[in-house]
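Enquirer: Can you keep this structure in mind? I'll have questions shortly.
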């Protein structure tokens with residue numbers, strides 16, 4: 001392990017630059033340091049104008065996602081030591097396919113809009129009263145959607161998905177996985193209301209199953225799996241509509257069959 | 001730009017004082033060349049063309065069998081053409097790649113739950129591989145016996 005490593009960091013200043021350029025910084029490599037520690041070191045000791053997002057530095061806030069050597073990574077969970085050998089450099093860029101506000105900070109307003117469209121919250125058809133008590137759920141019912149509920153909205157999957165880059169209106173992996181998370185929740189009754197957004201060319205049918213979202217997900221959510229599972233449920237629901245044109249229920253979409 | 005034209009084009013986003021100009025990266029036409037995983041995806045998608053070639057060959061074979069001995073002999077002659085043999089070897093490579101990649105993706109698309117737990121991925125992909133080997137072995141036996 002080398003004791004120093006060169007970091008090439010994408011810099012973009014909207015006041016003076018037309019496009020980003022790289023600046024190199026040499027940083028010490030400590031065994032326990034992650035890429036985010038190195039960025040903090042540069043900001044504290046070398047160049048205070050370096051701009052990036054971070055908060056919890058323990059892989060749960062989802063704000064420090066960046067491209068590290070071309071791979072979407074949470075910089076708080078990416079160790080310098082795994083790059084520091086044979087004179088390697090570390091190249092840090094803002095997450096791919098997002099507009100860049102400054103240096104390593106991306107504009108995520110579009111993602112927030114898409115997330116809202118997927119309606120990732122509990123929806124009830126009935127108007128239940130608080131006095132009726134809480135919704136009960138067995139461990140098995142929890143297990144059905146738990147994996148999809150681990151999403152921290154870090155948008156690494158958007159930076160991994162070529163469809164997001166080529167087709168900006170595609171709802172995208174995280175939002176679709178979160179919609180499926182609520183569809184598969186036994187307490188939720190909103191699957192039919194999410195159909196318009198999900199079973200749409202910009203929804204699950206936009207996905208070509210590249211599978212990169214699942215590979216880069218730091219929380220092992222498997223958005224690609226969630227999307228394919230919804231595709232199958234949507235087809236079953238569509239076939240059922242021929243058998244029972246009236247009184248369609250969203251049972252198959254909710255994954256409760 | 002003329003002012004009249006400027007007025008008709010709606011800006012895509014509302015910039016504020018603190019976000020004077022976002023940099024919007026463009027996706028290159030060659031986006032799939034630079035990265036191993038993207039390249040593998042494109043090869044996987046393209047391999048379906050070679051699956052189609054095998055399907056067409058099978059349909060030609062069935063048609064030749066239906067038409068009569070002369071047509072069948074003609075079909076065999078076509079298959080012995082060196083160019084067709086090379087095409088078939090290349091196609092076989094892509095069809096095997098296609099099959100393996102899709103079998104490996106199947107577990108994430110079709111999770112099966114038994115006894116309240118999700119079956120491990122090998123239990124979904126495994127039977128598909130077994131069936132593939134068994135059917136291939138049966139066809140080999142049928143042809144070579």
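Enquirer: Specify the angular offset, from 0 to 90 degrees and rounded to the nearest 10, of the alpha carbon long axis of helix B:82-109 from the longest principal axis of the alpha carbons in chain B.
Expert: 60 degrees
Enquirer: Tell me, what is the Rg over Rh of the stretch A:9-143, with Rh the Kirkwood radius over Cα pairs?
Expert: 1.15
Enquirer: With label points built 7 Å along Cα→Cβ from the Cα atoms of residue B:62 and residue B:118, find their separation and express it in nm.
Expert: A separation of 3.8 nm, rounded to one decimal place.
Enquirer: Measure nothing but the geometry: give the 0 to 90° angle between the long axis through the Cα atoms of B:69-80 and the longest principal axis through the Cα atoms of chain B, rounded to 10°.
Expert: The answer is roughly 60 degrees.
Enquirer: Can you tell me the convex hull volume per residue for the protein assembly as shown, based on C-alpha atoms, in Å³ to the nearest whole number? If you can, show how the numbers build up before the last one.
Expert: Details: hull volume 112.1 nm³, N = 402.
Taking only Cα atoms, the protein assembly as shown has a hull volume of 279 Å³ per residue.
Enquirer: On average, how much area does the Cα convex hull of the stretch A:1-74 cover when viewed from any direction, in nm²?
Expert: Details: hull surface 22.6 nm².
Convex hull of Cα atoms, orientation-averaged projection: 5.6 nm².
Enquirer: Order of A:56, A:61 from fewest to most other C-beta atoms within 10 Å? Present the calculation step by step, with values, prior to reporting the outcome.
Expert: Values: A:56 12, A:61 16.
With the fewest neighbours first, A:56, A:61 line up as A:56, A:61.
Enquirer: Right, another one. What list do you get for A:21, A:41 if you sort them by fewest beta carbons within 10 Å? Intermediate values should be presented prior to the final figure.
Expert: Numbers: A:21 11, A:41 16.
Ascending number of Cβ neighbours within 10 Å: A:21, A:41.
Enquirer: Oh, and also: If I fit a long axis through the Cα atoms of helix A:223-243 and take the longest principal axis of the Cα atoms of chain A, what angle between them do I get, 0 to 90°, rounded to 10?
Expert: Long axis of A:223-243 versus the principal axis of chain A: about 20 degrees.
Enquirer: What FRET efficiency comes out for the pair residue B:110/residue A:6, r = Cβ-Cβ distance, R0 = 51 Å, nearest 0.05?
Expert: On the way: r = 46 Å, r/R0 = 0.91.
The pair residue B:110/residue A:6 has a calculated efficiency of 0.65.
Enquirer: Still on this structure: Taking just the alpha carbons, could you work out the radius of gyration and Dmax for chain B, both in angstroms?
Expert: Considering chain B through its Cα atoms, Rg and Dmax are 26.0, 82 Å.
Enquirer: Note down the relative contact order for the stretch A:4-106 as a percent, whole number, built from C-alpha pairs under 8 angstrom at least six residues apart.
Expert: Details: 192 pairs, mean separation 36.1, N = 103.
Computed over the stretch A:4-106, the figure is 35 percent.
Enquirer: Also, quick follow-up: To make sure I understand, if each residue's beta carbon is the centre and we count other beta carbons within 10 Å, what order do A:112, A:123 fall in, fewest to most? The partial results should precede the final answer.
Expert: Details: A:112 10, A:123 15.
The most exposed by this proxy come first: A:112, A:123.
Enquirer: How much of the pair distance distribution for the stretch A:109-243 lies past 27 Å, counting alpha-carbon pairs only, in percent? Don't jump to the answer; show the numbers that get you there.
Expert: On the way: 1781 of 9045 pairs.
Distances greater than 27 Å cover 20 percent of the Cα pairs.
Enquirer: Going 7 Å from the Cα of residue A:21 along its beta-carbon direction, which residues of the stretch A:86-113 have the amide nitrogen within less than 20 Å of the resulting point?
Expert: In the stretch A:86-113, the label zone of residue A:21 (backbone N under 20 Å from the point 7 Å along Cα→Cβ) covers A:90-94, A:100-105.
Enquirer: For residue A:149 and residue A:239 in the same chain, what is the full-extension length gain: residue separation times 0.36 nm, less their Cα-Cα distance, in nm?
Expert: Values: separation 90, 0.36 × 90 = 32.40 nm, distance 2.86 nm.
29.5 nm is the gain from fully extending residue A:149 to residue A:239.
The numbers here are math on the coordinates, done by the rules we state, and not lab data. Please read all numbers here as calculations on a predicted model, not as lab measurements. Every residue, glycine as well, gets a Cβ built from its backbone with ideal geometry; the counts of neighbours run over all protein chains shown.
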